[in-house]
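A short write-up of the structure that comes next.
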Amino acid sequence: MVSPVIGIEIHAQLKTTTKLFCGCLTQFGDPPNTHVCPVCTGSPGALPVLNKQAVRYAIMAGLALNGRIQPVSVFARKNYFYPDLPKGYQISQYDRPIVLGGWVDIPSDGGLKRIGITRIHIEEDAGKLLHQGSDTIAGSSHSIVDLNRASTPLIEIVTEPDIRSASEARWVVERIRETLVHLGICDGNMEEGSLRADINVSIREDDTAPFGTRCEIKNVNSFRSIERAIHIEMSRQAALLAKGEAVIQQTRQYDEATQTTRTLRDKEESHDYRYFPDPDLTPLVIESSWIEAIKTALPEQAAHRRVRYKAVGLSDFETDVLLADPQACRYLDTVADAGIPHPIAAKWIVGDLNAHIKDRGHTFANSAVPPAYLVELLTAIMQGTLSGKLGKSVLSACFETGESPQQIIAKTGQTQVSDEGELSSMVGQICAQHPDVVAKVKAGKGGAIQFLMGQVMKETKGRANPDMVKGLLEAHLNTLNTPI
C-alpha cells in the first residue's frame, strides 16, 4: 500500500476586458491572432503597462483564500523557449509574489480538512498551439500558433503538499474554483482552459516516510481527469518502484484517450528558468487603504453561502448545484427575500427550473422565468391555488409563452380544486362506483386507496387538492367502518 503526496498549482484566467500588459481584448473564441499587438507579441521596443484590474482581482483572491497581501511584489522574467511564447520569456512573479499563505477547507470524513496555500502570484498566459491532424502534439503532422491568449492575465494558486488522495485533490480544485467564480474574477470554464490545474504527485510507503520524487502532470482541465490522472500516475510510480527502478522527476501529460500519463520533458528547477526582475516593470507597491477598500467591497463568498444554505435546510446536493453557478444563488436569494422559504424555492430552482433553463440554453440571469414569476408560482402552490403537478405545467407554459403564472392561470383556468363540499361529493360517488376496491380496503389492503384517489384526480383532470382528497377518502371510508 502506497501513500500519495499531492500538491496543486491552479492557473486561473482573470475576467479582465484586456490583457495583462496591453490593451488587446481577452475575448475567447475569436479567429486566431486577431487580438495581438507589439506588446503581447514581444516586438522590440514595446513596453508593458500593468493592468490595474488584474491586480485588484489578485488581491480579491488572496483575501478570499485567507492569504496575506504583500505591500511590495516584483515581476520577474521566467526564461524558456516555446513556440507560443513569442517574447522568449514569461512575465511572472517569483520570489516576491503578491500573496503569501492562505488555506482552503475541503470535506473530509464528515468534517473539514484544511489545505494550506503557499502563494498566489500574477503572471501572463502563453499563446496556444493548435495541433493539426490530432488532438495531441505526439500524433499531429504540424502545429500552428494562436497568440490571442498570449499575455492574458492569470493568477497561479500554489498549494502546500497537504493533499493525500485523488478525491481530496478534486475537492481542492472544486472549492478554489467555486471561490473564484463567486468573486466574479474568473469564469471557471475548464473546457475553454480558463482554469487549469498542474498536479504534482509522489508516493511513499506510508505517511511517516520521506516524500518521494514528484512528477508534475500539466494542464488537467476537468474534475474527473484530475482524479483519473492521479490514480494512473500513482500506479505508474508504484510499478517502477516495485521493479527496483527510480522515479525520475518529470513534467508529464495526461492522455484521456489512452488513460496514461506520458513524458513531456524532464522537470526543470527554478534556476533553469534564470529568473530575474523585469527591467521594464517597477516593483508593485500596494497601499493598505486600497486593500481595505477591496476587502470591504468583497461579495458574499462561496464558503459563507454554503454554511448559510445548510443552516436554512438545503440538502448537500441542492447546495452543491446552486454554488456551481453564482447566478443560481442570486436567483434563490431573490425568491427567498420575497417570502418563499429557502427549501421550497431551492427544490424548484435546482429541479424543474434548472432543467428548463438547460434545455433552452438560457442562464439564470436571462431566464424566461425571472424570480418574480417563480415567486408568483410558488405562492399559488403554497396558498393551495395550484397543486405541485399543475405548478409544473404552468412553469412549462411560462417558458413557452413568456407570460407570468397569473396570466397563464387566468387564461387556462388551471386552478386547484379545494372546495371541500365538491370534493366530498365526488369521493362518495367514486366509492359507490368501485365497491370492489372499497372491499379490498375493508379487507385491510390499504394500498387500494391510491386507486380511489387516482379516480378523483382523473375526474378533476388532475386539479383536485391531493391532500384534501386523501383526507376526505379516509374520513368517508371510516364511516363505512373500513380499516385503512
Among the residues in the stretch 69-91, are any among the polar types (S, T, N, Q) and at pLDDT below 95?
yes
Quick check: is even one residue across the stretch 75-87 in contact (Cβ under 8 Å) with a residue 60 or more places away in the chain, part of a helix (DSSP H, G or I) and among the aromatic types (Phe, Trp, Tyr)?
no
All positions within the stretch 311-346 that are among the charged types (D, E, K, R), at pLDDT 95 or above and surrounded by fewer than 17 Cβ atoms within 10 Å (Cβ to Cβ)
Arg330, Asp337
Only helices (runs of 4 or more DSSP H) wholly contained in the stretch 240-341 count here; list those with 2 or more residues that are touching a residue at least 24 places away in the same chain (Cβ under 8 Å) and over 30 Å from Pro71 (Cβ atoms).
302-311, 316-323, 326-337
Ile226 assigned by TED's automatic domain parsing to the domain that holds Tyr254, at negative phi and part of a helix (DSSP H, G or I)
yes
So which pairs qualify, if the first residue must be in the stretch 111-122 and closer than 20 Å to Glu156 by Cβ and not assigned by TED's automatic domain parsing to the domain that holds Gly67, the second must be of a type outside the set (A, V, I, L, M) and at pLDDT below 95, the Cβ gap must be under 9 Å, and the two must be at least 6 apart or on different chains?
none
Odd one out for Val2, checked against (1) closer than 28 Å to Pro161 by Cβ; (2) touching a helix residue (DSSP H, G or I) at 6+ places or on another chain (Cβ under 6 Å); (3) of a type outside the set (Asp, Glu); (4) at pLDDT 95 or above:
(4)
Count, please, the residues in the stretch 400-414 that happen to be surrounded by fewer than 20 Cβ atoms within 10 Å (Cβ to Cβ), in a helix (DSSP H, G or I) and not small (Gly, Ala, Ser).
6
If you go through the stretch 181-190 one residue at a time, do you hit one that is among the β-branched types (Val, Ile, Thr), part of a loop (DSSP other than H, G, I, E, B) and either out of contact with any Cys (no Cβ under 8 Å at 6 or more places or on another chain) or surrounded by 15 or more Cβ atoms within 10 Å (Cβ to Cβ) (or both)?
yes
Residue ID - surrounded by the fewest Cβ atoms within 10 Å (Cβ to Cβ), chosen from residues in the stretch 1-54 that are within 26 Å of Ser222 (Cβ to Cβ) and of a type in the set (S, T, N, Q)
Gln27
What do you reckon, is His231 under 30 Å from Arg204 (Cβ atoms) and part of a helix (DSSP H, G or I)?
yes
Do the conditions hold for Gly133, that is, is it at pLDDT 90 or above, farther than 24 Å from His35 by Cα and of a type in the set (Gly, Ala, Ser)?
no
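The values are calculated or read from the model by the stated rules, or taken from the named source; none is laboratory data. If you're wondering where the values come from, they're calculated on a predicted model, not measured in any experiment. Glycine also receives a Cβ, built like all others from the backbone with ideal geometry; neighbour counts cover every protein chain displayed.
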